[in-house]
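A.B. asks: Would you mind keeping the following structure in view while I ask a few things?
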Protein chains: 2
Amino acid sequence: MSRVAAIIGSGVIGGGWTARFLLMGWDVRVFDPDPEAERKLAEVLTNARAALPGLIDVAMPPEGRLSFHTCLGDAVSGADWVQESVPEHLDLKHRVFVAIQADCRPDAVIGSSTAGFGLSQLSQGALRPGQIIVVHPCNPVYLLPLVEVAGTEGPLLDRACALLSSLGMYPLRLRAETDGRIADRLLQSVWREALRMIRDGVATTSEIDDAIRMGFGLRWAQMGLFESCRIAGGDAGTRLCTEQSGRSLSQPSGGPNDAPGPADGLTNTVAEQSGALSGLHSIRELQRIRDTNLVTILRGLKAQNWGAGAVLRRHEQALAAVVAKPEAPMITSDRAVPLDWTDYNGHMNEARYLQAFGDATDRFMEIAGCDAAYIAAGHSFFTAETHIRHVDEVKAAARIRIETLCLRGEGAKMHLFHQMFEADRLLATAEHFLLHVSLETRRVVRPRPPVADRIAALAAAHAALPRPEGIGRAVGRR
Amino acid sequence: MSRVAAIIGSGVIGGGWTARFLLMGWDVRVFDPDPEAERKLAEVLTNARAALPGLIDVAMPPEGRLSFHTCLGDAVSGADWVQESVPEHLDLKHRVFVAIQADCRPDAVIGSSTAGFGLSQLSQGALRPGQIIVVHPCNPVYLLPLVEVAGTEGPLLDRACALLSSLGMYPLRLRAETDGRIADRLLQSVWREALRMIRDGVATTSEIDDAIRMGFGLRWAQMGLFESCRIAGGDAGTRLCTEQSGRSLSQPSGGPNDAPGPADGLTNTVAEQSGALSGLHSIRELQRIRDTNLVTILRGLKAQNWGAGAVLRRHEQALAAVVAKPEAPMITSDRAVPLDWTDYNGHMNEARYLQAFGDATDRFMEIAGCDAAYIAAGHSFFTAETHIRHVDEVKAAARIRIETLCLRGEGAKMHLFHQMFEADRLLATAEHFLLHVSLETRRVVRPRPPVADRIAALAAAHAALPRPEGIGRAVGRR
C-alpha cells in the first residue's frame, strides 16, 4: 500500500517536496489556495521527472498518485506525512498547524520547511506540540540530499529521519534550536558579506557568483569548510584559519589580517573535531579523493559547457588549435586518461574506451568538414555499429593516442578503424560503421558535397596504407 | 621557446602554481629556503600530474623544466612571471619584493598570492610599485580556475590576465582594493559564522561540512549565490532575499527573521545586476541547466562513492534490494536515461550505451555470484570484446530496460548478448565476450566453483530460449 504525503503550500519548496515524494512512490495530496498552484507545480514536476530518476542506475518505484484538494482537512486526513511550506510568517504557520492537527492522524509526522523559525516558536499553541518538527530542505528539493531536522527526541523523530532517508535524502539532525538552520546561517552570512561588497562598489552580483562557482564552490560540492582546510594545511592549517577567523567573531566583517583578539579557546575544539573526522583517511588519500572528485565535477561541467567547465572548454579549444595538421597515420586523439575514468578493477572502464573512440570519431568528422557548424546546419553522422577489442589495460593519467583509418567513405556510409595506444603498446581497437543523417528527419541522407568529397578523398588516401589486424571480426571469432 | 616562471615560496599555494605552470609547458624555477621544499613539492606534483592533464580531451604541451635555486636572484633573473607565495607577513613580503625587483626583468609580471593584503600595502617601498599585482588563486591551484587579480590598469595587467587564461585559469579582475579578495571575504564570513556555531555548541565541524556539501555546496559548484536565488524565486525572490539580509549588514550574525531595518537601497541594485546577467536565459532554461549540472555532479560523486554521491549510492542499493528476482528473459537493467547522457545530436551518446550495457553485465555477474565481495577477494571478469548495434534513438529521462542472454559460460569464457528496449522498442544490442581473470596476476584463470557453476547453469537454462537476431555479426555485414 502506498504511503500518503500531504503538501501544504506548493511553491518552489513545497513543489520540490511534492516531486520527491511522488517520484519515490508516495501518493501526494496538495493543498494550496493559489489559483496558479496547479500550473506552477506542473512545471516543477516536469523538471523533476527529467532529472531525479536518472540520478540512480536502477528503477524508481512506480510514481504515486497526485491529487489537489480545496480543503486542507481532506488533504491531511489519514496522511503519513504532512509537510508545511507556507510563507515565513509565524501567525500563518500557527493557523496552518491548528488546521492540520484538527484533521491529521496523531502519529503523522508534521514537518515544517521553515528556514528561520525555531521549534518552540513553531509549536506554540499547537494541539500536540511534539508532533511538529522542523524538516528544512535545500532547493531543488528533488535533487539535493540535505534536509535539516529538529524536533523532540523520540520515536516520531527517528521515524521521520528514516522516512527521509528512504526518499534518498540526508537528514542532518540539529543538536540545538537556533534561528536559521546550519546551512541557512552560513548562507545568510554570505548574503550579508556579498551585500556589503555590492553596497561598497567592491563587486557586482556576477563577480561574486564567479568568485564562488569558479573557486571554492567547486570544492564545497564534495568537502566542506573544515575538511578542505585540513587537506590544504593539515592540523596546523586548521589551527591557523581558526585563530585568524576566531579573532573577529564579534565583528560583522573582518579581513584575514585583523588585529589579534580572544580566540575563545576554539582552536583546540576545531582541531580535535576536524582531526577526528578526517583522521579516517590520511591527508594524502584525502587529496587524491578531492582531486578525483574535482576532476569528475569539472569534466561534467565541461560536457555541459557551463561555469568552470566552459573555462576548461575554451582552454581545450585554444590548445587543440595549435596541434599540427594530422597526417597518416592520422592521429585523432592524444590525451591523458582522466582520474575518474577508472573502475573497481583499477583500470580504464570499458565505456570510457568507447568515449575516447567516440571523441576520435568526432575529430575525424571535424577533419572531414562535419564540424559544429555543419551539425548546427542540420546534418551529422550517427554510429550504427561498433566493435571493440580490449587488448591491454591502461590506468588513470596514462597518455593515450588514437590512430584512425578510413576503410570506406561512400554515399551516406562511413567505416572507420581506430587503434588506441599508450606509446607503442596497443590497448584497444574499435571498428565503427556510421551513417550520415538529416537531424531534422532523422533519416539517412547523403552528406553535403564538401564533406562527401573530403571523406572520399580520405578513404582513397587511406586505401594505400597497410591494414591492421582485426578488421571485420565478429565477437569470439579469430 | 619556453616561458619561464619563478616561484618564490613553494608551499601548498606556491607548489600548486609550480604544477600549473610546469604542466602548461612553462619552465619553472623554484626558490624556497625550507629544507623540505623539494620533497613537499614532489608530492604536489605527483597529485597534479595525475589530475590536471585528464581535465581536457586533448594533449597538454610538453611539461617544462623544473629547477631549484638557492639564490632568489638566480630564480627570478630573466623570468617572464614571478609568483610570490610566502607566508602572510607584510614585512617579509616587502623584503621579498625588494629582492625580486633587484634581479628580475622590469617587464616581468610580479604576482602575489596574498589572501589579505591590498595592492598599496604590498607595493609600499617597492622599486617599481606598478610591477606588483595581486594574483590570488584558489587551492588546489592546479585544478580550480579562479584567480583574483588586482593591479594598476595598464598593459602589464592585461598581459597578466591573458597569461593566466592561457594557463586555463579564470582571472577575475577586482574593481576595488579591499583587504581580502571577494572569495576570501565570503569564506571568512562563513568561517566566522561556523566558529560561532561551534563556540555555542550548535554544530560540530562535521555537521557544518555536511550542511555545505550535501546542500548548497553542490549548487555553488555551478551557479553562485545570486543566480541560484534568482532561479529559485525569480526577480521577486532575489528582492526578498536581499531585503531580508540587507536589514542586518551591521550585525555580525543575524537570522532570516531579523527585525526590519534600512535596506540601503540595495534591493534595486541587486535585482538589476542579477537580472541583467541571468536575463540571457529564461528562468526555466536556467532551471534545466542547473538540474543537468546537478545531475552530472551528483552522478560523478556517486561513481566515487563520496559525499552526496555516497548518499545516492546507499539509496540506489536500498531500491535495488527490493527488485524481484530476475527470470527469463533475464532483466539486468531497468532505469532512466540520466539528463547528462545526451550529446550534441540530442540523443543518448554512444559511450553511454556501453555504460548502460556494462552496468547490465555487472548485474549479470552479481547474479552469477561475481559480486563486490568476490571481486574484493581478487577475481573478476574483464571484457575482451564488444559488438554494439544502434537500432533506434533514445532521449534523456526515457526509461530503458536491458534483457540479457548468456550464450556461453565455460571455463574462463563468458559470452553475453544484451538487448536494450524502451517499452517494446528495440534501441540497441550488445554482444560481449568476457574473460575471468585474477586481479593479482592480471591473467586469465577459471572462476571459483560457485561462480563457475552458476554461470554454467545460467548458460544451460538460456540455451533453451529463442536466439534474437544479430548474434555473431561483424561490423558492416548482414
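Each reported figure results from applying straightforward, stated rules to the coordinates on display, with no laboratory input. Here the structure is a predicted model, which is why all the values come from computation and not from measurement. Neighbour counts run over all protein chains shown; Cβ positions are idealised from the backbone, glycine included.
A.B. asks: To the nearest 10 degrees, how steeply does helix B:350-367 sit against the main Cα axis of chain B, on a 0 to 90 scale?
C.D. replies: It is inclined by approximately 60 degrees.
A.B. asks: Further question: Are there GluC sites (Glu not before Pro) in the stretch B:32-99 that DSSP marks as loop and that have at most 13 other Cβ atoms within 10 Å, and which are they?
C.D. replies: Sites meeting the loop and neighbour criteria: B:E36.
A.B. asks: I've got another one for you. If amide H atoms are built 1.01 Å from N in the plane of the peptide, which residues on other chains or at least 5 residues away come under 5 Å of the amide H of A:V82?
C.D. replies: A:A6, A:V109, A:I110, A:G111
A.B. asks: Just for the Cα atoms in the stretch A:4-182, what are the lengths along the principal axes, largest first, rounded to whole Å?
C.D. replies: Over the stretch A:4-182, Cα extents along the principal axes are 42, 35, 25 Å.
A.B. asks: To continue, here is another question. Could you tell me how many degrees, from 0 to 90 and to the nearest 10, lie between the Cα long axis of helix B:266-278 and the main elongation axis, the longest principal axis, of the Cα atoms of chain B?
C.D. replies: Helix B:266-278 and the main axis of chain B meet at about 50 degrees.
A.B. asks: When the Karplus curve 6.51 cos²θ - 1.76 cosθ + 1.60 is applied with θ = phi - 60°, which whole-Hz ³J(HN,Hα) does each residue of the stretch B:430-436 get, with x for Gly and Pro?
C.D. replies: Values per residue, Gly and Pro as x: 9, 10, 10, 10, 10, 10, 7 Hz.
A.B. asks: Report the antiparallel proportion of the DSSP beta bridges in the protein assembly as shown as a percent, rounded to a multiple of 5.
C.D. replies: 65
A.B. asks: Taking Cα pairs under 8 Å and at least six residues apart, what relative contact order does chain A come out at, in percent?
C.D. replies: Numbers: 734 pairs, mean separation 37.3, N = 478.
Relative contact order here is 8 percent.
A.B. asks: Ignoring everything except DSSP H segments at least 4 long, calculate the 222 nm mean residue ellipticity for the protein assembly as shown; use -39,500 (n - 2.57) per segment, divide by total residues, nearest 500.
C.D. replies: Details: 32 runs with 402 residues, N = 956.
Theoretical 222 nm ellipticity from helices: -13000 deg cm²/dmol.
A.B. asks: Rounded to the nearest 5, what is the percent of antiparallel bridges among the DSSP beta bridges in the stretch B:4-181? If you can, show how the numbers build up before the last one.
C.D. replies: Details: 4 of 28 bridges.
That works out to approximately 15 percent antiparallel.
A.B. asks: Could you tell me which chymotrypsin sites (Phe, Trp or Tyr not before Pro) in the stretch B:58-97 are loop residues by DSSP with no more than 12 other beta carbons within 10 angstrom of their beta carbon? Display every interim value, and only then the final one.
C.D. replies: Working: sites: B:F68, B:W81, B:F97; in loops: none.
Of the chymotrypsin sites (Phe, Trp or Tyr not before Pro), not one in the loops of the stretch B:58-97 has a Cβ with at most 12 other Cβ atoms within 10 Å.
A.B. asks: Using the C-alpha gyration tensor of chain B, what are the square roots of 5 times its eigenvalues, in whole angstrom, with the largest one first?
C.D. replies: Numbers: eigenvalues 545, 198, 90 Å².
Over the Cα atoms of chain B, the ellipsoid semi-axes are 52, 31, 21 Å.
A.B. asks: Next up: How big is the antiparallel share of DSSP beta bridges in chain B, given as a percent to the nearest 5?
C.D. replies: Details: 42 of 66 bridges.
The answer is about 65 percent antiparallel.
A.B. asks: Could you pull the copy-to-copy label distances for B:R3, with points set 7 Å along Cα to Cβ, in nm to one decimal and sorted shortest first?
C.D. replies: Relative to the other copies, B:R3 has label-point distances of 5.6 nm.
A.B. asks: Express the relative contact order of the stretch A:4-182 as a whole percentage, based on alpha carbon pairs under 8 Å and six or more residues apart in sequence. Intermediate results must be reported in sequence, preceding the final value.
C.D. replies: Numbers: 357 pairs, mean separation 38.0, N = 179.
Relative contact order comes out at 21 percent.
A.B. asks: Let me ask you something else. Helix A:225-246 against the longest principal axis of chain A: what's the angle in degrees, Cα atoms only, rounded to the nearest 10?
C.D. replies: On a 0 to 90 degree scale, this one is about 40.
A.B. asks: Same structure, new question: Quick one: label points 7 angstrom along Cα→Cβ at B:L439, distances to the other copies in nm, smallest first?
C.D. replies: Going from nearest to farthest copy, the values are 4.2 nm.
A.B. asks: List the residues, sorted by chain then number, that are 5 or more residues from B:F68 or on another chain and whose placed amide H is less than 5 Å from its amide H.
C.D. replies: Under 5 Å from the amide H of B:F68: B:V30.
A.B. asks: A further question on this structure: Under the classification rounded if a/c is under 1.5, otherwise prolate if a/b is larger than b/c and oblate if not, where does the protein assembly as shown fall, given a ≥ b ≥ c as square roots of the Cα gyration tensor eigenvalues? If you can, show how the numbers build up before the last one.
C.D. replies: Details: a/c = 1.80, a/b = 1.12, b/c = 1.60.
Oblate, since a/c reaches 1.5 and b/c is not below a/b.
A.B. asks: Listing A:L240, A:L127 from the residue with the fewest other Cβ atoms within 10 Å to the one with the most, what is the order?
C.D. replies: Numbers: A:L240 17, A:L127 14.
Ascending Cβ contact count within 10 Å gives the list A:L127, A:L240.
A.B. asks: A follow-up question, please. Quick one: check the C-alpha center-to-center distance for the stretch B:201-252 versus the stretch B:287-305, whole angstrom.
C.D. replies: When both Cα centres are located, 19 Å separates them.
A.B. asks: Here's a follow-up. Distances in nm, one decimal, shortest first, from A:G346 to the same residue in every other copy, taking the label point 7 angstrom along Cα→Cβ.
C.D. replies: 4.6
A.B. asks: Just report the Cα centroid separation between the stretch A:380-446 and the stretch B:341-413, whole Å.
C.D. replies: Using only Cα atoms, the two centres lie 19 Å from each other.
A.B. asks: How large is ³J(HN,Hα), in whole Hz, for each residue of the stretch B:24-39 in order, when computed from phi with the Karplus curve 6.51 cos²θ - 1.76 cosθ + 1.60 and θ = phi - 60°, using x for Gly and Pro?
C.D. replies: Calculated HN-Hα couplings, in order: 8, x, 7, 6, 10, 10, 9, 10, 7, x, 4, x, 8, 4, 5, 5 Hz.
A.B. asks: Using Cβ counts within 10 Å as a stand-in for footprinting exposure, how do A:C241, B:C138 rank, fewest first? Can you show the working numbers first?
C.D. replies: Values: A:C241 23, B:C138 26.
Sorted ascending by nearby Cβ count, the order is A:C241, B:C138.
A.B. asks: Please report the relative contact order for the stretch B:324-463, taking Cα pairs under 8 Å with a sequence separation of at least 6, and give it as a percent rounded to a whole number.
C.D. replies: So the answer I get is 27 percent.
A.B. asks: Another one. Could you list B:M348, A:M330, A:M414 so that the one with the fewest beta carbons within 10 Å of its beta carbon is first and the one with the most is last?
C.D. replies: Values: B:M348 25, A:M330 22, A:M414 28.
Lowest count first: A:M330, B:M348, A:M414.
A.B. asks: Sort out for me the Cα centre separation of the stretch B:131-148 from the stretch B:6-32, rounded to whole Å.
C.D. replies: 12
A.B. asks: Would you mind classifying the stretch A:323-463 by shape? Square roots of the alpha carbon gyration tensor eigenvalues, ordered a ≥ b ≥ c; an a/c under 1.5 is rounded, otherwise it is prolate if a/b is larger than b/c and oblate if not.
C.D. replies: Values: a/c = 2.10, a/b = 1.70, b/c = 1.23.
Prolate, since a/c reaches 1.5 and a/b exceeds b/c.
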